[in-house]
Amino acid sequence: MSSKPQTIAAMAWQRLAQPSEQPALFRKHADEFQATTWQQLAVDVLQTVDRLHRLGIKVGDRVAQLSENRYEWIVADLAIHFLRAIHVPIHAPLAPPQVLFQIQHSQAKAVLISNQTQFDKLTPLGDKLPDNLHVILFEPVEHADTLNAVQLNELAGSAESGRNIAQRNVDTAATEDIASILYTSGTTGEPKGVILTHRNLVSNAISTVEAFGMNQHVRRLCFLPLSHIFARTCDLYTWLAAGCELALATSRDTVLADCQLFQPTEINGVPYFYDRVWRILKEHSADQTPGALKQILGSKIHHCCSGGAALPDHVFDYYQQQGVPIYQGYGLSETSPVISLSTPNAFRRSASGTAIKDVQVRLAEDGEILTKGPHVMPGYWHNDQATAEVIQDGWFSTGDYGHIDDDGFIFITGRKKELIVTAAGKNVAPVLLESLLTEDSLIDQAMVIGDGRSFLTALVVPNSQLVSLHHDQHHTGNRPSECEACRAYMQDIVNGRLECVSYHEQVRKITLLSEPFSIEKAELTPKLSLRREVIQQHFADAIEAMYRKSNEGE
């Protein structure tokens, strides 16, 4: 690349402006991955630029996208940047009320919809959607007329017109322009819109590419959701910066099969995935077979990268022993996301690497990790108070405790925030879920658990009088908390209360407690807030039992 681009649009323009028959993106058709060239990708992106332009999308407009990973997701993302609009990616698993909030709060002018499943989330929202919202479909759906939806590929669009529009906007785009707004769960449960500028994303992607020495010979399989910042920067934008080859996995259930077909040289994943691969090999008594790990991930795999949650030491050790090292990184949505990286030339067990280029890291007096640099967001969308709480004098408070050794390696030791991060890297606000549960008259108190786990569980204090009425009808167990019929009954209540949230926010198992949390046992603060660490210590056996009863990979 002749010079470092300052915007995503400029980075894409450098890659797409010149015709190239080199393969860029791979998608699975039948039983093989087929390539789309850079030249064909350019045509598709520029046609989409013109189509969205004709719908009235202009500089600064928010364009939401509710879609799973697919070719059109990437095409739309690049087209939005060429229009100098603002991309608002919505996580595909979210429930309708959550989708509505993000569309309303961002004041989106258009929403791109992938398929019938996602379209059906909008249809019951009706007049709650913003006036004159353009609903744009990637594929035909039933009842499209209910929302006046149009199909993207049926709209008139010229690649040449799109090229002219893109060229003008590349020339006028500013590095501090907003590129994207991503919604992340807060400790109070209300999502906050993380504003990321072109400077945030481009600097982060290029520094990551330089740290790893990526080039066009890299082959990466992408299976993490592009609506999350990890895949967005570390799969999509590093691919764009390096000009390498990127394949989209068919689904999260086909990753290993896709590895066999595509044979990536590297992958990005979350700790849960790497642990699951190890468990699969162990179940087949192949975990100690030389070369088995390399083979299951595709015979050309060189290394893996991990983020989104802490990587267990036993997983790090196993992959290292098998010659497929995992390099752990650290970051947050608010930091674009990369703060630090482990690389082939700099890694240590349990560490999250060292700070990338131009990123500063230091510790607050209480041990919280603070960071400053071009990766730090300017703030939260329409939420100055929340912004002021986490950014002071340019330093962003991560909410994580840690320490930094003499060589600059960062070690994360705990979370200051109450935010739960599951083994799959999903952010969950327990306060929101607990408030939903305790709205039911049968539930007096509840605490949701799941940090570093594959699914959520909860300790539930039922309304003893009401649950006793149900218990008396079954006469099982010594008391309601030990009655399986009562537990199953309360699980149904929990499931019903959480119908409005996404799949990864569902509480899969509960334990009924016979006594409430109390100030006397130091389980509650004087303000009656949960002391989570104390409660988890008091009920450690019950919590572990909920996870022992089920394979965490289910």
For His284 and Leu155, extending 7 Å from Cα along the Cα-Cβ vector and measuring point to point gives, in nm, a value of 4.5 nm
For the pair Asp145 and Lys128, the simple spin-label estimate (label points 7 Å beyond Cα toward Cβ) gives in nm 2.5 nm
Check: C-alpha center the stretch 86-150 vs C-alpha center the stretch 413-468, spacing in Å is 29 Å
Expressed in angstrom and rounded, the centroid-to-centroid distance over alpha carbons for the stretch 493-514 and the stretch 219-279 is 30 Å
Here the FRET efficiency for Glu482 versus Val534, based on Cβ atoms and R0 = 25 Å and rounded to 0.05, is 0.60
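Work through the residues other than Thr265 whose Cβ is under 15 Å from its Cβ and net out their charges, Lys, Arg +1 and Asp, Glu -1. Show your work: numbers first, answer last.
Details: positive: Arg219, Arg220, Lys294, Lys300; negative: Asp235, Glu245, Asp258, Glu266.
For residues surrounding Thr265, the net value is 0.
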The pairs in Lys294/Lys509; Lys121/Lys426; Lys109/Lys372; Lys282/Lys426; Lys58/Lys426 lying past 24 Å Cα-Cα in this model are Lys294/Lys509; Lys109/Lys372; Lys282/Lys426; Lys58/Lys426
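Where Lys and Arg each count +1 and Asp and Glu each count -1, what net charge lies around Phe33 among other residues with Cβ under 9 Å from its Cβ?
Details: positive: Arg27, Lys28; negative: Glu32, Asp258.
Once positives and negatives cancel, what remains is 0.
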Label model pair Asn463, His403: point-to-point distance (7 angstrom along the Cα→beta-carbon line) in nm is 4.9 nm
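Residue separation times 0.36 nm, minus the C-alpha to C-alpha distance between Asp492 and Glu32: what's the value?
Additional length available on full extension: 161.3 nm.
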Along principal axes, largest first, the alpha-carbon spread of the chain in whole Å comes out as 75, 57, 53
Hits in the stretch 288-304: amide N under 15 Å from the 7 Å Cα→Cβ extension of Gln320, namely 304
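Laboratory data are not the source of any read-out in this text; all were calculated from the coordinates shown. In this text the structure is predicted, and so the values were computed from the model without any measurement. As a convention, Cβ positions derive from the backbone with ideal geometry for all residues, glycine included, and neighbour counts pool all protein chains shown.
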